[in-house]
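The values are calculated or read from the model by the stated rules, or taken from the named source; none is laboratory data. Quick caveat, the model's predicted, so the values are computed rather than measured. Quick reminder, even Gly has a Cβ in these numbers, built from the backbone with ideal geometry, and neighbours come from all protein chains shown.
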Amino acid sequence: MRFGPVPVAAAAGAILAHSLETAGGRLRKGRLITPEDAAALAAAGHTEVVVARPDPGDVPEDAAAARLAAALVPDPAAAGLRLTKPFTGRVNLNAAHPGVIEVDAGAVLALNRVHWAVTLATLPAWQRVAKGTLAGTVKIIAYTVPEAALAAACAAAAGALRVRPVVCRTAGLIVTRVAGQDEAAARKGEAAIAARLRALGIALVDLRLVPHAAAPIAESLAACPAELLLILTGSATSDLHDVAPEGVRRAGGRIERFGMPVDPGNLLFLGSLGGRPVIGLPGCARSPALNGADWVLERLACGLVVTADDIAAMGVGGLLKEIPTRPQPRERRG
């Protein structure tokens, strides 16, 4: 593509690079200049205009964006994404249903290295999305792009992103009570967790309030029919052998990971019981604000295996926004 100023008399057939006013109205950038447009520009006092002229084999921005989006998402229904019609070189990729966004970061990097005019921006990998959430956007940032560059970009990032749908449909919540606990605050916590589940389309089918001891936790876990098991303790779980992890073991389960490098969320633990995941929720889960438990819950809800190494890797980016109501903030105030 050739870009730069030309005399108005020679502008017909080129692409207008910048919007300009004429007596008949505004000519918007990206317009293919007609002989009538050139005459109107001359009558308005313009002697030259900045234009773009495609080279042989160049692909117009909208056609290029549509091709790249189709290469990224060859089967939109299977990928859980909906593609918008191209406009000014852009195609948006919107989530078709709730879930988490899976991104091949290496493929996205390869695409964005091909040519300065060919770009793809996405949400961070594994971020939760709702139906309609903008998960990615293709943008061709020039009026045309060389065919060879477009072909290379399409090959580099084929199938680079998709929305993993929620596959878990039921959850159970075990809440322990300790003497002197603020009941109103406890109820707010239960409501916050129920709201998280609703946002994912998961039904809270079993809620059990039990004393803060290993035995009743174990009994409740064994009796809960849900696919996903959650434990919220009235007193923070502060050790691998504290009340809640011990309750999981007594029920016949195991603990995969205690603690996580995400703050708020440090005191989460992850276990399993009879093939079902068990999440020991940190106290910050009583707040609706984002915390480390959300990252684990959302992945498990979408059928992803979450390992101890996965949790360890959450440390990069794991320093989240402080929760104003936190009893022990990171830094002293005042």
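Do we find that L207 is out of contact with any Asp or Glu (no Cβ under 6 Å at 6 or more places or on another chain), in the same structural domain as V248 (by TED's automatic domain parsing) and not in a helix (DSSP H, G or I) in this structure? Walk me through how you get there before you give the answer.
Details: out of contact with any Asp or Glu (no Cβ under 6 Å at 6 or more places or on another chain): yes; in the same structural domain as V248 (by TED's automatic domain parsing): yes; not in a helix (DSSP H, G or I): yes.
For L207, the condition - out of contact with any Asp or Glu (no Cβ under 6 Å at 6 or more places or on another chain), in the same structural domain as V248 (by TED's automatic domain parsing) and not in a helix (DSSP H, G or I) - is met.
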Taking region 150-193, which residues are among the small types (G, A, S) and within 26 Å of E102 (Cβ to Cβ)? A151, A152, A153, A155, A156, A157, A158, G159, A160, A171
Can you confirm whether D37 is surrounded by 18 or more Cβ atoms within 10 Å (Cβ to Cβ) and modelled with pLDDT under 95? yes
Can you name the condition, by its number, that P54 falls short on among (1) more than 30 Å from G132 (Cα to Cα); (2) within 22 Å of the chain's Cα centre (by Cα)? (2)
Which numbered condition L120 misses (of (1) under 30 Å from D294 (Cα atoms); (2) of a type outside the set (D, E); (3) in contact with a helix residue (DSSP H, G or I) (Cβ under 8 Å, 6 or more places away or on another chain); (4) outside any strand (DSSP E or B)): (4)
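Any residue that is in the same structural domain as Q181 (by TED's automatic domain parsing), small (G, A, S), assigned to a helix (DSSP H, G or I) and over 32 Å from the mean Cα position of the chain (by Cα) - is there at least one of those in region 240-258?
Yes.
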Whether any residue in region 135-142 is under 24 Å from G303 (Cβ atoms), modelled with pLDDT of 95 or more and surrounded by 15 or more Cβ atoms within 10 Å (Cβ to Cβ) is what I want to check. yes
Got at least one residue in region 267-276 being more than 14 Å from L173 (Cα to Cα), of a type in the set (S, T, N, Q) and either touching a Pro at 6+ places or on another chain (Cβ under 9 Å) or surrounded by 24 or more Cβ atoms within 10 Å (Cβ to Cβ) (or both)? no
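Let's see how each residue does on (1) assigned to a loop (DSSP other than H, G, I, E, B); (2) free of Cβ contacts under 8 Å to residues at least 60 places away in the same chain; (3) assigned by TED's automatic domain parsing to the domain that holds A110:
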{"site": "G132", "(1), (2), (3)": "yes, yes, yes"}
{"site": "G136", "(1), (2), (3)": "no, no, yes"}
{"site": "A152", "(1), (2), (3)": "no, yes, yes"}
{"site": "A179", "(1), (2), (3)": "yes, yes, no"}
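Out of region 199-215, which residues are without any contact (Cβ under 8 Å) to a residue 40 or more places away in the chain and touching a strand residue (DSSP E or B) at 6+ places or on another chain (Cβ under 8 Å)? Spell out the reasoning first.
Applying the first criterion (without any contact (Cβ under 8 Å) to a residue 40 or more places away in the chain) to region 199-215 yields 203-215.
Result: A203, L204, V205, D206, L207, R208, L209, V210, P211, H212, A213.
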Here are G292, G247: which of them is closer than 18 Å to G189 by Cβ and buried (at least 22 other Cβ atoms within 10 Å of the Cβ)? G292
For region 302-319, enumerate the residues that are in contact with a strand residue (DSSP E or B) (Cβ under 7 Å, 6 or more places away or on another chain) and not in a loop (DSSP other than H, G, I, E, B). A308, I311, L319
Please verify whether T176 is buried (at least 16 other Cβ atoms within 10 Å of the Cβ) and either on the phi > 0 side of the Ramachandran plot or out of contact with any helix residue (DSSP H, G or I) (no Cβ under 9 Å at 6 or more places or on another chain) (or both), treating the condition exactly as stated. no
